[in-house]
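Visitor: Right, I'll just put the structure down here and ask away after.
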Amino acid sequence: MPIMNDTIQFNVGEHRLALEKALKLTPQDIVMEIREAGLKGRGGAGFPTGTKWLLALSAVAEKKFVICNADEGEPGTFKDRVLLDEYTNLVIDGMTIGGYAIQATEGIIYLRGEYKYLLNKLERFLDEKRENNQLGNNILGTGFNFDIKIRLGSGAYVCGEETALIESLEGHRGEARNRPPFPVNTGFMGYPTIVNNVETFASAAIIISKGADWFKKIGISKSYGTKLVSISGDCKKPGVYEVPFGISIRDLLKMVEADEAKAVQVGGASGQCVPESQFDRKISFEDLSTGGSVMIFNKSRDMLHILKNFMEFFVEESCGQCSPCRIGNKKLLEGIELIEQGKCSYTYLNELIELGKSMQLASKCGLGQSSPNPFISILTNFENEVFSTK
Amino acid sequence: MIKDKLSRTPVSQQPLIVKKEEEGGIGSFVEVEINGRKIQVQMGTTILEACRQNNIHIPTLCYHEDLCLAGLCRICVVEIEGMRTLQAACTYPITNKLKIQTTSEKVRKARRHILDLLLSEHYGECYSCHRNGNCELQSLAKEYGVDGYKFGHITERRHTVDRSSYSVIRDMDKCVLCKRCVRTCIDLQEVGVLEATHRGYDTTISTFYDKPLADVICINCGQCINRCPTAALKANDPSDEIWVAIDNPKKHVVIQTAPSPRASIGEEFGLPPGHSMTKQLNTALRWIGFDKVFDTNFTADLTIMEEGTELLNRLKKKLVEGDNNIKLPQFTSCSPGWVKYIEHFYPDYLDYLSTCKSPQQMFGALIKTFYAQENNIAPEDIVTVALMPCSAKKFECNRPEMHSSGFKDVDYGLTTREMAQMIREAGINLPDLEGSGFDDPFGDASGAGLIFGATGGVMEAALRTVYEIVTGREVPFKNLEITPCRGFEGVRQASVKLEGTLPEWNFLEGVDLNFMIAHGTANAKKVMEALVRGELENIHFIEVMACPGGCIGGGGQPIPTSPEIRKKRAEAIYNEDRGLEVRKSHQNPHIKYIYEKFLIDGPCGHISHKLLHTHYVKRGKFIA
Amino acid sequence: MLVSEKHGLTAEIESLAEKYGRTREALLPILQEIQMRHGYISEFAQQEIANFLDIHPVEVYGVVTFYAFLSRKPEGRYIVKLCQTIACDLADKEAIARAIERELNIKFGETTQDTKFTLQYINCMGMCDQGPAMLVNDDVYTHLTPHKAVEIIKSYK
């Protein structure tokens, strides 16, 4: 993983003792440390991890679950692939720490079907952890029992949404649930469950290893620590980078040697399309929030073509249960086709943008709430290119 | 908190649990502000319930009182202060102070957009639709003043209409994917024919491999029809053929009317639920041109004679003769949905079913034999129509077994909704009519036959007769109202002690006659599972109705349906029973007459076995 | 389907049900294994799975039709899944697609006559930094060129 400056938090060697350290603390201490560090969900939604863990810890139940969301399906995101492949220990320790923190005994990694090639390696790693008494019964002699199993996805982007993921684990169609109740109270099989992104678990292990204060030295207020970004598209050095929160798009582009960029899609297909005029905006929860996807488009790219590719993706990947998302995305796609044919009136375009805003507000889950983002941001920021000149 | 099958049980079927105050139950109130009004609601009330309690209208589409919550049409969204997105009012439980806006700009815009999206996908025009005037999508369009298709409108069919079933027709081009049918079929009825399949824009409600409904394990209960907000599901309507028969002077067209349609058909003419229209309906049927109007209650009485005798015979064979091939408990068999359910799901237990035909089919067999002889009419010239609250009756009259008269015993099963349509088409406003009685010889029936319409009714009717046969005395309940049989709890169990028996029935002296009642096939499943586990050894008689609430909640009844509506319909039936002179089947003079004149070897005798009893088919679950 | 084949399938599903448990949570793992071993999940298999898990066949069908990696009809022994999402698209996945189509003489969505290969598009497979990318069954191939893609296909022939 290429790194930037000297802001290394992810380090294979350095955090080996995180688990041992964690098990000497009380669950409450761990939760407080995570809260103190201000860790926010790395999957993109940015929910405070400490709060999630605290809610799950306070839930009273005979059983609790820890789920690692490794259904990394957002176009342009591949950091979890690298973490699972090369930083496995950090992820597994993070999950185990999470399990200890909420007093769960079972963990599940929901690995997307596309990453099945990692399965054997992960299974071997889990076996190794069991042999080293870092998983299983009486972990490191502390009396804490926790084990992890891996479940595979089967090709459904929506299962990255935590409640759809739980539905999928329970053997159902990956259709998001109503919230409340939230998984921290009523999750997998009705038991309190935390669902966290791969990177979140790794970050949690890092925080326990080095302390909240150390963690907070990097980043900007409300967005502490570093973020792994997956950079793809028109640049010389695509890949996964560890960057401090607060880094500007311009600096990112420089880092990966993207000279001709005219637009950067931050946050994947469901994210924002940032035009050159806004390249000083920063990667952070307050400004440009991202689960890690940064896609660069150079001056030769047809933004309408890109938008169409995104919307085709959502039409296929919507679970289809709620009406705004099921039909709305199709209408947006049809609108793009009208634009291509030069048949879309300005009035209709505005109506579609308004529709997109309603979808953002009224859809049942994050998929439908964010799928209109590229439509709105590309047509707003690149209206001249994609619409007026057609 | 733990996921439990029960938690998916529809609210209407759950036993009422009142939490104590300290558990955050009653007494624990929370104040919310809705549109600026401060309102006290009980903890856990959904926003929708809170609004309804306070006369604040929230539009809904996928919500149905009988079904588990879905929150997927999103038409009921409201704005909660401090939340980024809008929330579905139907699913959002109030557990803390909230400030809610139900008509803000965001809310109105979003709802209108959702409606426009649904309309863009909804095939067809309202004026050529049988749900015109009673369609929830149409009502929403009116409510929101829709005057055009903002996002276009599909003009080509994408699905073929499935007309394979005798009972239910599916037109998926009218479907809005609210999944009410899915939740009805899987959760409410546990039959599991319909499910959402495929994904995204291609999502559709379908059967297994999209096979025709006639080829999958549909029990024809039609509960999905009753809960469909649009015209995607409807019953297979034979009224055109009935008009043809009526218009043909050579045909002698007779109609039998079941108890439940009378208690509900007024709703089709704008009356509130709970009005009995028995007499006006008779007049309307004559005006339409039916040659004779008979009362299905007559054969309901006959069913009691046959089924009651069958039960006593089984008891005798088992208890006195020790015949272990005799199966007990005996299950009722008048609900064709239930019969098909057990044929599919418990084919090895068919011997437990009473061999009695349903009242509809007994009637058909008698009309084309006894009635035809007495009146010198050639049976082939008789057309029998059955007005039923039921869509499964349509399948039942097409069963090959149902030809005991040598002809198709019942030619057409007609639902309450279809009858109302025929009446409207004839220019009749039902509530305006003078009442009139039924025609003889099947005109008079007892109150026992009448209460067949409500869940528990068959049991109550049977007990009124069986008890009296065995003891010579009336069943010891005030006003003959056997209260343990009444009510709407999913599975009920009670017993009546048989004391002071007549000499012939001495072997039953002191026996507790144990009976159970279940309505809705999900509850029937619970009973059957208990039977399979061997837990029902001491039960003697079980009434099962496929539909929640019994026939008054049948798949052919007026739309909408709800626990409240079904309760009102049941009350109408019980009230009518209370006012009748004859309230026990065996005291119906016409019943005595038919056993003297026609069924001369008595209940369960040779003749009645030929005409009034049937056999069942081991269907199993495999879908070919 | 031959009766003997059905019996074999039933036994296989039963052993999977024993392995994963006869509850609804076992549904996806069982479907995935049947998919992996047989290349598809037949109508008969779906009914048998429903039977063992005590759910309705249509519920199994609903799940099978939901997930892109589960199929209802026999597919080639090697399923080539080419990523069609933006990064691979911009890296000219079209050229790869055309080259493979020409090589196998079938279009995407089709299976070769010898049932060796099926061509499918999939949505983002998480190889955006190394596109164009594809999966052949579970194996990942990245940085494709038309020439390289064809060589990979040949290696499976």
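What follows is calculated from the coordinates using simple rules that are stated; it is not laboratory data. Not measured: the values here are computed from a predicted model. Heads up, the Cβs are rebuilt from the backbone with ideal geometry, glycines too, and the neighbour counts pull from every protein chain shown.
Visitor: With only alpha-carbon pairs counted, each pair once and no self-pairs, how large is the Kirkwood hydrodynamic radius of the range A:78-237 in angstroms?
Guide: Numbers: mean 1/r = 0.0587 Å⁻¹.
Computed over Cα pairs of the range A:78-237, the Kirkwood hydrodynamic radius comes out at 17.0 Å.
Visitor: Quick one: angle between helix A:346-362 and the longest Cα principal axis of chain A, in degrees between 0 and 90, rounded to 10, please.
Guide: Around 20 degrees separate the two axes.
Visitor: Just how large is the dipole of chain C about the Cα centre, in debye to the nearest 20, putting +1 at every Lys and Arg Cβ and -1 at every Asp and Glu Cβ?
Guide: Working: 17 positive and 22 negative charges, 76 e Å.
Its charge dipole is roughly 360 debye.
Visitor: Give me, ordered by chain and number, the residues 5 or more places off B:V77 or on other chains with an amide H under 5 Å from its own placed amide H.
Guide: B:A89
Visitor: For the range A:303-388, what does the equivalent ellipsoid look like in terms of its semi-axes, each the square root of 5 times an eigenvalue of the Cα gyration tensor, given largest first in whole Å?
Guide: For the range A:303-388, the semi-axes come out at 20, 12, 11 Å.
Visitor: Okay, moving on. Points 7 angstrom from Cα along the Cβ direction at B:I600 and A:L338: gap in nanometres?
Guide: Using points 7 Å along Cα→Cβ, the separation is 8.1 nm.
Visitor: On C-alpha positions alone, give me the angle between the axis of helix A:303-317 and the longest principal axis of chain A, in degrees, nearest 10.
Guide: The helix A:303-317 is inclined about 50 degrees to chain A.
Visitor: Work out how much length C:N137 to C:E14 would gain on full extension: take 0.36 nm times their residue separation and subtract the Cα-Cα distance, in nm to one decimal.
Guide: Once the chain is fully extended between C:N137 and C:E14, it gains 41.8 nm.
Visitor: Between A:H305 and A:N145, 0.36 nm times their residue separation minus their Cα-Cα distance comes to what? Intermediate results must be reported in sequence, preceding the final value.
Guide: On the way: separation 160, 0.36 × 160 = 57.60 nm, distance 5.16 nm.
That works out to 52.4 nm of additional length.
Visitor: For the pair C:V3 and B:E434, what calculated FRET efficiency results from E = 1/(1 + (r/R0)^6), where r is the Cβ-Cβ distance and R0 = 51 Å, to the nearest 0.05?
Guide: 0.15
Visitor: I've got another one for you. Among DSSP beta bridges whose residues both lie in chain B, state the antiparallel percentage, nearest 5.
Guide: 50 percent
Visitor: Which of rounded, prolate or oblate describes the range A:209-328 when judged by the alpha-carbon gyration tensor and an a/c cut-off of 1.5?
Guide: oblate
Visitor: In what order do B:D444, C:D139 fall by count of nearby beta-carbon atoms within 10 Å, going from fewest to most?
Guide: C:D139, B:D444
Visitor: Of the listed peptides B:359-365, C:45-51, what is their order by residue-averaged count of other C-beta atoms within 10 Å, with the highest listed first? All intermediate terms of the calculation are to be shown ahead of the outcome.
Guide: Values: B:359-365: 29.0, C:45-51: 22.9.
Packing proxy ranking, top to bottom: B:359-365, C:45-51.
Visitor: Does a label point 7 Å from the Cα of C:T145, set along Cα-to-beta-carbon, have any residues of the range C:96-137 with amide nitrogen under 16 Å, and which are they?
Guide: C:96-97, C:99-100, C:131-133
Visitor: Another one. I want to make sure I understand the PRE zone here: with the label point 7 angstrom from the Cα of A:L119 toward its beta carbon, which residues in the range A:81-102 have backbone N atoms less than 19 Å away?
Guide: Under 19 Å, as judged by backbone N against the label point of A:L119, lie A:81-82, A:84-86 of the range A:81-102.
Visitor: Could you derive backbone 3J(HN,Hα) for the range A:32-41 from the dihedral phi with the Karplus parameters 6.51, -1.76 and 1.60 (θ = phi - 60°), listing whole Hz in sequence and x where the residue is Gly or Pro?
Guide: Running phi through 6.51 cos²θ - 1.76 cosθ + 1.60 with θ = phi - 60° gives 5, 5, 5, 5, 4, 6, x, 5, 10, x Hz.
Visitor: Now for a different question. Could you list which residues have their amide H under 5 Å from that of A:G107, counting only those 5 or more apart in sequence or on another chain, with H placed in the peptide plane?
Guide: Result for A:G107 returns A:V66, A:D147, A:I148, A:K149.
Visitor: To continue, here is another question. How shielded is B:80-86 by partner chains, expressed as the average number of their Cβ atoms within 10 Å of its Cβ atoms?
Guide: That average works out to 3.
Visitor: Further, regarding this structure: Looking at the range A:21-117, which GluC sites (Glu not before Pro) are DSSP coil and have at most 13 other C-beta atoms within 10 Å of their C-beta? Don't jump to the answer; show the numbers that get you there.
Guide: Numbers: sites: A:E33, A:E36, A:E62, A:E72, A:E86, A:E106, A:E114; in loops: A:E62, A:E72.
Here the GluC sites (Glu not before Pro) that fit, given the DSSP loop and packing criteria, are A:E62.
Visitor: Hey, another quick one. What length, rounded to one decimal in nm, is gained on full extension from B:K279 through to B:Y149, with 0.36 nm per residue of separation minus their alpha-carbon distance?
Guide: Taking B:K279 through B:Y149 to full extension adds about 42.2 nm, to one decimal.
Visitor: Taking only Cα atoms, what is the 0 to 90° angle, nearest 10, from helix A:88-102's long axis to the longest principal axis of chain A?
Guide: 70 degrees
Visitor: Can you compute the FRET efficiency between B:A214 and A:N133 using 1/(1 + (r/R0)^6), with r the Cβ-Cβ distance and R0 = 51 Å? Round to the nearest 0.05.
Guide: Taking R0 as 51 Å, the efficiency between B:A214 and A:N133 is 0.25.
Visitor: What does the helix-only formula give at 222 nm for the protein assembly as shown: each DSSP H stretch with n ≥ 4 adding -39500 (n - 2.57), the total divided by the residues, and the result rounded to the nearest 500 deg cm²/dmol?
Guide: Working: 41 runs with 427 residues, N = 1171.
After summing the helix terms and dividing by the residues of the protein assembly as shown, the value is -11000 deg cm²/dmol.
Visitor: Under the classification rounded if a/c is under 1.5, otherwise prolate if a/b is larger than b/c and oblate if not, where does chain A fall, given a ≥ b ≥ c as square roots of the Cα gyration tensor eigenvalues?
Guide: prolate
Visitor: Given R₀ = 60 Å, FRET efficiency for A:E257-C:K116 by Cβ-Cβ distance, to 0.05?
Guide: Calculated value: 0.90.
Visitor: Something else about it: Compute the distance in nm between two label points, each set 7 Å from the Cα along the Cα-to-Cβ direction, one at B:E499 and one at B:V320.
Guide: 2.3 nm
Visitor: Separation between the A:Y346 and B:F507 pseudo-spin-labels, each 7 Å from Cα along Cα→Cβ, expressed in nm?
Guide: The two pseudo-label positions are separated by 9.4 nm.
Visitor: For B:K497, give me every one of the lysines with a C-alpha distance below 16 angstrom, ignoring sequence neighbours fewer than eight places off in its own chain.
Guide: Those lysines meeting the cut-off are B:K478.
Visitor: Also, quick follow-up: Which net charge results for the neighbourhood of A:Y115, defined as the other residues with beta-carbon distances under 14 angstrom from its beta-carbon, given Lys and Arg at +1 and Asp and Glu at -1?
Guide: Taking every other residue near A:Y115 into account, the sum is -3.
Visitor: Count the lysine pairs in the range B:514-624 whose Cα atoms lie under 27 Å apart, taking only pairs 8 or more positions apart in sequence or on different chains.
Guide: 16
Visitor: Classify the range B:341-429: rounded, prolate or oblate, from the alpha-carbon gyration tensor (a ≥ b ≥ c, eigenvalue square roots; a/c under 1.5 rounded; otherwise prolate if a/b is larger than b/c)?
Guide: In terms of gyration-tensor shape, oblate.
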